[in-house]
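The structure under discussion appears below in the form of structure tokens.
The values are calculated or read from the model by the stated rules, or taken from the named source; none is laboratory data. None of these values were measured; they are calculated from a predicted model. Cβ sites come from the backbone with ideal geometry, for glycine too, and all protein chains shown count toward neighbours. Only protein heavy atoms, including side chains, enter the accessible area calculation; ligands, DNA and RNA are left aside. Shrake-Rupley method; radii C 1.70, N 1.55, O 1.52, S 1.80 Å.
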Amino acid sequence: MIGSRAEMWLLETVFPNPAALDECLGAGMLQAEGTSLAFRHELARQAILETVLPQQRLHLHRCVLEALRAQSVTAHDYARLAHHAQEAGDPEAVLHYAPLSARRASGFRAHREAAAQYARALGFAEQLPPSERALLLEGYAQECYIKGQLEEAARARQEALTIWQRAGHREKEGENLVQLGRLYLVMGQNARAEQASQG
């Protein structure tokens with residue numbers, strides 16, 4: 001639920017039963033690593049996860065999200081918060097943390113992670129104003145382009161373009177047409193590139 005490794009303070013907040021943690025340590029299921037506990041084997045973690053009922057899992061993710069948000073949140077925490085927000089079914093938190101995490105990952109040239117975080121946000125973006133959804137689509141398209149997923153990048157750009165056209169936002173429409181034209185050229189689809197360049 002929390003991951004393969006978790007800080008003691010977080011475990012004590014979410015599972016306020018120290019005897020259970022001691023039992024897991026004694027049995028060798030968990031091992032201490034500084035101020036954290038970690039599963040000794042990933043297979044053990046997966047096996048335990050499979051026994052957790054869906055409603056219990058949802059509750060635990062909500063508890064972890066709440067505990068993490070109660071601490072000083074830094075940029076280092078964005079991906080973790082986005083993950084727990086998604087698993088907790090908290091659209092508002094996903095839409096806050098996933099784009100922050102995507103931009104941070106992109107800044108570190110972790111484009112696969114950035115694309116995944118944009119995709120996570122887009123999974124909850126139906127409730128956003130169209131312009132905000134379009135901006136997420138643009139970010140996602142850029143990350144997909146960088147990592148070579150050209151068809152997906154073009155799909156996202158086209159969706160963003162449609163939103164800007166409906167909004168009558170000519171500058172953003174033009175920007176996306178230029179990007180689409182470049183994408184189609186790279187994909188060897190010259191006719192579509194020409195069509196995009198003509199608006």
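Listed here are the helices (runs of 4 or more DSSP H) enclosed by the stretch 1-99 that have at least 1 residues being touching a residue at least 24 places away in the same chain (Cβ under 8 Å): 8-14, 42-51, 54-70, 78-88.
Condition check ((1) part of a loop (DSSP other than H, G, I, E, B); (2) within 23 Å of the chain's Cα centre (by Cα); (3) surrounded by 14 or more Cβ atoms within 10 Å (Cβ to Cβ)) across all residues:
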{"residue": "Glu151", "(1), (2), (3)": "no, yes, no"}
{"residue": "Ala156", "(1), (2), (3)": "no, yes, yes"}
{"residue": "Thr162", "(1), (2), (3)": "no, no, yes"}
{"residue": "Lys172", "(1), (2), (3)": "no, no, yes"}
{"residue": "Arg182", "(1), (2), (3)": "no, no, yes"}
{"residue": "Leu185", "(1), (2), (3)": "no, no, yes"}
{"residue": "Arg192", "(1), (2), (3)": "no, no, yes"}
{"residue": "Ala196", "(1), (2), (3)": "no, no, yes"}
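I'd like to check something: does the stretch 76-86 contain any residue that is at pLDDT below 95, over 22 Å from Lys172 (Cα atoms) and of a type outside the set (D, E, K, R)? There is at least one residue in the stretch 76-86 that is at pLDDT below 95, over 22 Å from Lys172 (Cα atoms) and of a type outside the set (D, E, K, R).
Taking into account only those residues within the stretch 106-124 that are more than 12 Å from the chain's Cα centre (by Cα) and hydrophobic (A, V, I, L, M, F, W, C), which is least open to solvent (accessible area, probe 1.4 Å)? Looking at the filtered set, the residue picked out is Ala110.
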